Amino acid sequence: AEREAIEESGWRPLGLNKMMSYYPSDGLSDQHFHLFRATGAEYLGPPTDISESERVEWHSPAQVKELLLDGQIKNGLSMTALLWTLSLD
């Protein structure tokens, strides 16, 4: 999780903890996703794989809720992780 975050965003997650694992397409695929949550982050530099992310932005929990409600976040894995995180706060 740490390596992926650095590669895709240029930020090292701090206080990284596993939230859960799940099968997003149970019965159709053997994909198994693992969700992690960080309590902070340290900027290391630009993403090392620029093809992974369109942009990197920070948003408050209230802003994330609005982005979800407005349908601006459409990726299922991202939606699952964000909704789980918001439900824990």
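Going 7 Å from the Cα of residue 48 toward and past its Cβ, which residues in the stretch 1-29 have a backbone nitrogen under 14 Å from where you end up?
1-13, by backbone N distance to the label point.
Measure off, as a whole percent, the carbon and sulfur share of the 1.4 Å-probe accessible area of the stretch 1-46, all protein chains present.
49 percent
Give me the accessible area per residue for the chain, probe 1.4 Å, as a whole number in Å².
Counting only protein heavy atoms, the per-residue value for the chain is 74 Å².
Please compute the contact order of the chain in relative form: average sequence separation of alpha-carbon pairs under 8 Å and at least six residues apart, divided by the residue count, as a percent.
Normalised by residue count, the contact order of the chain is 27 percent.
What ³J(HN,Hα) values, in whole Hz, does the Karplus curve 6.51 cos²θ - 1.76 cosθ + 1.60 give for the stretch 24-33 when θ = phi - 60°, with x put for Gly and Pro?
Computed from phi, the couplings for the stretch 24-33 are x, 10, 3, x, 10, 8, 9, 4, 9, 9 Hz.
Mean residue ellipticity at 222 nm from the helices of the chain, using -39,500 (n - 2.57) per DSSP H segment of n ≥ 4 over the full residue count, to the nearest 500 deg cm²/dmol?
Calculated from helices alone, the mean residue ellipticity at 222 nm is -10000 deg cm²/dmol.
Amide H neighbours of residue 10 under 5 Å, counting only residues 5+ apart in sequence or on other chains, H built in-plane at 1.01 Å?
48
About the Cα centre, and with charges only on the beta carbon of Lys, Arg (+1) and Asp, Glu (-1), how big is the dipole of the stretch 1-55? Nearest 20 debye, please.
In debye, rounded to 20, the stretch 1-55 gives about 260.
Over the chain, with a single point scatterer placed on each C-alpha, what log10 of the ratio I(q)/I(0) does the Debye formula yield at q = 0.16, 0.17, 0.21 1/Å?
-0.75, -0.85, -1.26
The values are calculated or read from the model by the stated rules, or taken from the named source; none is laboratory data. Remember, it's a predicted structure, so these values are computed and weren't measured experimentally. Please note: Cβ atoms are built from the backbone with ideal geometry, for glycine as well, and neighbour counts cover all protein chains shown. Surface areas here come from the heavy atoms of the whole protein model, side chains and all, with no ligands, DNA or RNA. Shrake-Rupley method; radii C 1.70, N 1.55, O 1.52, S 1.80 Å.
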